[in-house]
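Everything below concerns the one structure shown next.
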Amino acid sequence: MSSQIYRLAAFPLNLILLPGEVIPLRIFEPRYKQLIDESLEYSTRFGIPFIKGNLITDIGSEVEVVKLVGRNANDDMVINIRGVSLYKTIDYFPVLPDKLYGGTVSETINTDFSTTNPDIAVKVKTLKLNLNTELGTLIVSDSINMLDIAKALMLKAEEKYKLLTLSNRDDREKLLLNQLSFVEMIRLQERSLENNFQLN
């Protein structure tokens with residue numbers, strides 16, 4: 001897939017939304033109320049540059065508003081947003097001309113993070129991870145997209161950032177295997193506690 005360069009309105013947050021993920025978001029700052037009002041009026045997408053520490057990183061999520069949940073008397077909003085794609089920031093502008101909010105010049109990131117690692121496939125099946133809203137745990141090809149696993153594991157933003165910035169597939173697989181093993185250990189401990197409780 002060839003990368004595209006495009007401009008996006010920017011709403012920097014300590015958040016990475018992978019394609020397909022949906023979350024609620026509360027909007028209360030005037031600059032972002034303006035951004036969301038325009039996004040709702042013109043059905044435009046915007047970007048969420050990921051903030052790590054107090055710094056804006058070069059990784060961002062392109063998102064779309066899927067629902068305006070509600071507004072209060074102060075015109076604060078709650079919206080649901082969905083991840084559309086991921087991008088790398090080429091340039092960031094804190095404030096755009098005639099706007100309260102900023103923007104980015106961005107380049108799309110290829111989201112084909114496929115793996116054929118059999119250890120990963122076994123753990124995904126063992127944990128019965130829901131990788132697909134239609135197929136659930138069913139794996140229909142030899143490869144699995146590591147981003148689907150990251151979504152199913154509900155990785156924290158910092159963990160997603162690490163996965164996205166690792167340039168080597170082996171390193172990405174290692175990171176995911178560690179996460180899968182951790183979830184497996186937690187589930188085994190929970191089962192053990194349940195069994196002990198039932199025996200008492």
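Here are some notes:
- Between S3 and E38, the modelled label-to-label distance comes to 2.5 nm, taking each label 7 Å out from Cα in the direction of the beta carbon.
- Placing R0 at 35 angstrom, the Cβ-Cβ distance between N72 and R187 gives a FRET efficiency of 0.30 after rounding to 0.05.
- Unsatisfied cross-links (Cα-Cα over 22 Å) in the set K99/K151; K33/K151; K33/K67: K99/K151; K33/K151
- The chain: relative contact order in percent, alpha carbon pairs under 8 Å with at least 6 residues between: 20 percent
- Counting Lys and Arg as +1 and Asp and Glu as -1 over every other residue whose Cβ lies under 10 Å from the Cβ of T44, the net charge comes to -2.
- Think of each Lys and Arg Cβ as +1 and each Asp and Glu Cβ as -1; about the Cα centre, that makes the dipole of the range 1-95 roughly 140 debye.
- Principal axis analysis of the Cα atoms in the range 5-108 yields extents of 38, 32, 29 Å, listed in decreasing size.
- 0 to 90° range, to nearest 10: angle between helix 118-127 axis and the chain longest Cα axis: 90 degrees
- Cubic angstrom per residue, convex hull over Cα atoms of the chain: 171 Å³
- Helical content alone sets the calculated 222 nm signal of the chain at -11500 deg cm²/dmol, taking -39,500 (n - 2.57) per DSSP H segment of four or more residues and averaging over every residue.
- Largest GNM mean-square fluctuation among L100, L163, L35, using the chain with Cα springs under 10 Å: L100.
- Fluctuation leader among N168, N72, N80 - the chain, Gaussian network, Cα springs under 10 angstrom: N72
- Whichever aspartates and glutamates have a C-alpha closer than 15 Å to that of K52, once near sequence neighbours (fewer than 8 apart) are set aside: E158, E159
- Cβ-defined net charge surrounding D91, 13 Å radius [Lys, Arg +1; Asp, Glu -1]: 0
- Other residues lying with their Cβ under 13 Å from the Cβ of K151 contribute a combined charge of 0, Lys and Arg counting +1, Asp and Glu -1.
- Label zone at K156, where the point sits 7 Å out along the Cα-to-Cβ direction: the range 173-191 residues whose backbone N lies under 12 Å: none
Values in this text are rule-based calculations from the coordinates and carry no lab data. These numbers were taken from a predicted model, which means no experiment stands behind them. With ideal geometry, Cβ positions are generated from the backbone for all residues, glycine too; neighbour counts draw on all protein chains shown.
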